[in-house]
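*Asks:* My questions all concern the structure below.
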Amino acid sequence: METPVALEGKTALVFGGSRGIGAAAARRLAQEGADVALTYVSAPQRAAETVAAIEAAGRAGIAIQADSADPAAIRGAVAQTVERFGKLNIAVVNAGILMLGDIATVSVEDLDRMLSINVRGVFLAIQAAAAHMAEGGRIITIGSNTAVRSGHPGSSVYSMTKAAVAVMVKGAAVDLASRGITVNNIQPGPTITDMTAEHIEVIKPLIPLKRAADPDEIAGLVAWLARKESGYMTGSSLTIDGGMAL
Ligand SMILES: NC(=O)c1ccc[n+]([C@@H]2O[C@H](COP(=O)([O-])OP(=O)(O)OC[C@H]3O[C@@H](n4cnc5c(N)ncnc54)[C@H](OP(=O)(O)O)[C@@H]3O)[C@@H](O)[C@H]2O)c1
């Protein structure tokens, strides 16, 4: 059994760590002993609150404004993290957006926006983070159970981006295996965050457990994947959705 400070001495970067699942992951990694950098794009106050929570856990935290639609900003966030903490052990690639749109009417602009953040941004974050990682490095993406169970009206593009992440992780895991870096993907179902605030009551009846997840429940899985004890798992997608995808 590992101690609650299993991540002592580790440094982490959470892409999209100001709110929701990313913020819960950032807090949890700090509680387990890691220093944590996080990126945000539009909510500096929420980012500052998450940094304050990291510091309240006795760890160092920094917030970096970096749009995951911008390749240079992604690389810059990794560079700033390494400059501040001296190394990078854990990357949580969480930044993502949901834009619902019927297949008949979804615009090229919305399609490109979702692809740029949810797919290209994830790829570039993995690439940039891995470049600075030593053996034992952990890369954790946040996909979605829509990769395996869609069927929600207007979700074709979003689901496609999350399915892309699940396959991307397999390829990245193979490429990084020789360096001892693992890459895994968490596929949450409906989770109580700003992203789902408008839809959660409609979706609840479709969930066998009849409730949405608390972000801390997703963060617990992030923490496990970040620890040494998960070291034999790589290239996997772990669905955590109250049984919705069954
Ligand atoms: N909530 C769910 O039910 C659910 C289910 C399955 C999967 N997911 C996935 O989980 C991840 C987090 O979702 P969430 O529900 O926590 O979302 P959220 O509450 O909307 O928070 C999104 C986070 O990502 C950041 N972000 C958004 N666009 C960004 C960009 N272009 N560059 C950098 N950061 C960006 C936001 O920063 P700002 O605060 O600065 O805007 C915020 O920290 C997403 O990938 C989402 O697809 C969520």
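The values are calculated or read from the model by the stated rules, or taken from the named source; none is laboratory data. Keep in mind it's a predicted model, so treat the numbers as computed, not measured. Glycine also receives a Cβ, built like all others from the backbone with ideal geometry; neighbour counts cover every protein chain displayed.
*Asks:* Please enumerate the residues belonging to the stretch 1-56 that are over 15 Å from A223 (Cβ atoms), of a type in the set (S, T, N, Q) and either in a strand (DSSP E or B) or within 8 Å of the ligand (Cβ to nearest atom) (or both).
*Replies:* Once the filter is applied, which keeps residues that are over 15 Å from A223 (Cβ atoms), of a type in the set (S, T, N, Q) and either in a strand (DSSP E or B) or within 8 Å of the ligand (Cβ to nearest atom) (or both), the stretch 1-56 yields S18, T39, S42.
*Asks:* Shifting gears a bit: Suppose we filter G243, G235 for residues that are assigned to a loop (DSSP other than H, G, I, E, B) and touching a residue at least 40 places away in the same chain (Cβ under 8 Å); which single one remains?
*Replies:* G235
*Asks:* Hey, can you tell me all the residues within the stretch 140-159 that are touching a strand residue (DSSP E or B) at 6+ places or on another chain (Cβ under 7 Å), among the polar types (S, T, N, Q) and within 8 Å of the ligand (Cβ to nearest atom)?
*Replies:* Answer for the stretch 140-159, where residues must be touching a strand residue (DSSP E or B) at 6+ places or on another chain (Cβ under 7 Å), among the polar types (S, T, N, Q) and within 8 Å of the ligand (Cβ to nearest atom): S144, N145.
*Asks:* Being part of a loop (DSSP other than H, G, I, E, B) and at negative phi is the filter here; which residues of the stretch 57-86 pass it?
*Replies:* The answer is A57, R59, A60, A66, D67, S68, A69, D70.
*Asks:* Just checking, does the stretch 229-244 include any residue being within 22 Å of A34 (Cα to Cα) and buried (at least 21 other Cβ atoms within 10 Å of the Cβ)?
*Replies:* yes
*Asks:* Restricting to the stretch 124-138, count the residues that are assigned to a helix (DSSP H, G or I), touching a strand residue (DSSP E or B) at 6+ places or on another chain (Cβ under 9 Å) and surrounded by fewer than 24 Cβ atoms within 10 Å (Cβ to Cβ).
*Replies:* Counting residues in the stretch 124-138 that are assigned to a helix (DSSP H, G or I), touching a strand residue (DSSP E or B) at 6+ places or on another chain (Cβ under 9 Å) and surrounded by fewer than 24 Cβ atoms within 10 Å (Cβ to Cβ) gives 2.
*Asks:* List pairs: first in the stretch 108-119 and at positive phi, second among the acidic types (D, E), Cβ under 9 Å, 6+ apart or cross-chain?
*Replies:* From residues that are at positive phi, there are no pairs.
*Asks:* Within the stretch 58-68, does at least one residue satisfy the condition of being surrounded by 24 or more Cβ atoms within 10 Å (Cβ to Cβ), under 19 Å from V165 (Cβ atoms), touching a residue at least 12 places away in the same chain (Cβ under 8 Å) and hydroxyl-bearing (S, T, Y)?
*Replies:* yes
*Asks:* Next up: Can you name the residue in the stretch 174-200 that is within 13 Å of the ligand (Cβ to nearest atom) and assigned to a helix (DSSP H, G or I) and, of all such residues, is surrounded by the most Cβ atoms within 10 Å (Cβ to Cβ)?
*Replies:* T196
*Asks:* If we scan the stretch 73-91, do we find a residue that is without any contact (Cβ under 8 Å) to a residue 40 or more places away in the chain and in contact with a Ser or Thr (Cβ under 9 Å, 6 or more places away or on another chain)?
*Replies:* Yes, that holds for at least one residue.
*Asks:* Kindly indicate whether any position in the stretch 222-233 is touching a Gly at 6+ places or on another chain (Cβ under 8 Å) and more than 28 Å from Q127 (Cα to Cα).
*Replies:* no
*Asks:* Within the set of pairs 6 or more residues apart or between chains, which connect a residue that is of a type in the set (G, A, S) inside the stretch 142-158 to a residue that is assigned to a helix (DSSP H, G or I) and surrounded by fewer than 23 Cβ atoms within 10 Å (Cβ to Cβ) with Cβ atoms less than 6 Å apart?
*Replies:* From residues that are of a type in the set (G, A, S), the pairs are G143/A166; A147/A163; A147/A166; S150/S159.
*Asks:* Scan the stretch 215-229 and give yes if some residue there is outside any helix (DSSP H, G or I), on the phi < 0 side of the Ramachandran plot and of a type outside the set (D, E), otherwise no.
*Replies:* There is at least one residue in the stretch 215-229 that is outside any helix (DSSP H, G or I), on the phi < 0 side of the Ramachandran plot and of a type outside the set (D, E).
*Asks:* Continuing with the same structure: Give the residue, chosen from G121, G171, that is at pLDDT 95 or above and buried (at least 21 other Cβ atoms within 10 Å of the Cβ).
*Replies:* G121
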